[in-house]
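The structure under discussion appears below in the form of structure tokens.
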Amino acid sequence: GAFTNASNSIRWSMPVMRPGQTITRSTTVVPKTYGVHSSRVQLIQPDQPMEQSASLVEASGIAALRLTLEDSPATVQLGEDFNVEFSILNRGTGPDSNVQFSLVLPAGIDFVSARGPVRNLPPQTVASGRSIGFATIPEIGERASVDFQVTLRSRAAGRPKIRAEVRSDQLKEVVAKEEAIVILDATP
């Protein structure tokens, strides 16, 4: 077939067909946008009425969320505030919706504040410490990212682990990342 960009169409010239003969033509299309698209096939023959058939094709992408922790310090002093930056990147070809980000903080680390695209929710007690949730992010588009900067306070010496988790409509399992922080006791 011959593609015409102006009309976004493909035209095939068909050989003369015998009665009962079938000829198949196919093409591969790549959508420019997601959603429902229509296509139409027309058969034009000399001295015959035009025949046509229409169909709908739904184009959707796949979300692929990645969670990273950046700039977390390896060690902090007891009682010190420190920042940890989190990024949620959608590496996929389609958006993801109802993205939920949360932190699980062990004993020895307190939540101080957070900056990000949505507000943080009140802490909740969970088996492994306290969970800090954030309001739902309605959508993260393809190749888009959201960033959070969280300020935490070291409360007890040790090697506690901070756990970040992401859930969404398209994720089948929780995406999680853990980071250990060494809290040094400055007292002799």
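The values are calculated or read from the model by the stated rules, or taken from the named source; none is laboratory data. Please read these numbers as outputs of a predicted model, since none were measured by experiment. Neighbour counts run over all protein chains shown; Cβ positions are idealised from the backbone, glycine included. Calculation scope for accessible area: heavy atoms of the full protein, side chains included, ligands and nucleic acids excluded. Shrake-Rupley method; radii C 1.70, N 1.55, O 1.52, S 1.80 Å.
Miscellaneous remarks
- Options Val84, Val76, Val41; residue that is over 29 Å from the mean Cα position of the chain (by Cα), within 30 Å of Val174 (Cα to Cα) and in a strand (DSSP E or B): Val76
- For the range 55-73, taking the residues that are closer than 30 Å to Glu85 by Cβ and among the hydrophobic types (A, V, I, L, M, F, W, C), the one that is farthest from the chain's Cα centre (by Cα) is identified as Leu69.
- Residue list for the range 48-71, filter: touching a residue at least 24 places away in the same chain (Cβ under 8 Å), out of contact with any Gly (no Cβ under 6 Å at 6 or more places or on another chain) and open to solvent by 80 Å² or more (accessible area, probe 1.4 Å): Arg66
- Residue within the range 25-34 that is surrounded by 14 or more Cβ atoms within 10 Å (Cβ to Cβ) and more than 19 Å from Ile132 (Cβ to Cβ) present: yes
- Flag if Glu173 is touching a residue at least 12 places away in the same chain (Cβ under 8 Å), out of contact with any Lys or Arg (no Cβ under 8 Å at 6 or more places or on another chain) and within 30 Å of Ser60 (Cα to Cα): no
- Ala64 meets the stated requirement of being modelled with pLDDT of 90 or more, hydrophobic (A, V, I, L, M, F, W, C) and under 30 Å from Gln124 (Cβ atoms).
- Lone unmet requirement of (1) within 31 Å of the chain's Cα centre (by Cα); (2) in a strand (DSSP E or B) for Gln52: (1)
- Residue check for Ser87: within 17 Å of Glu179 (Cα to Cα), open to solvent by less than 90 Å² (accessible area, probe 1.4 Å), polar (S, T, N, Q) and modelled with pLDDT of 95 or more: yes
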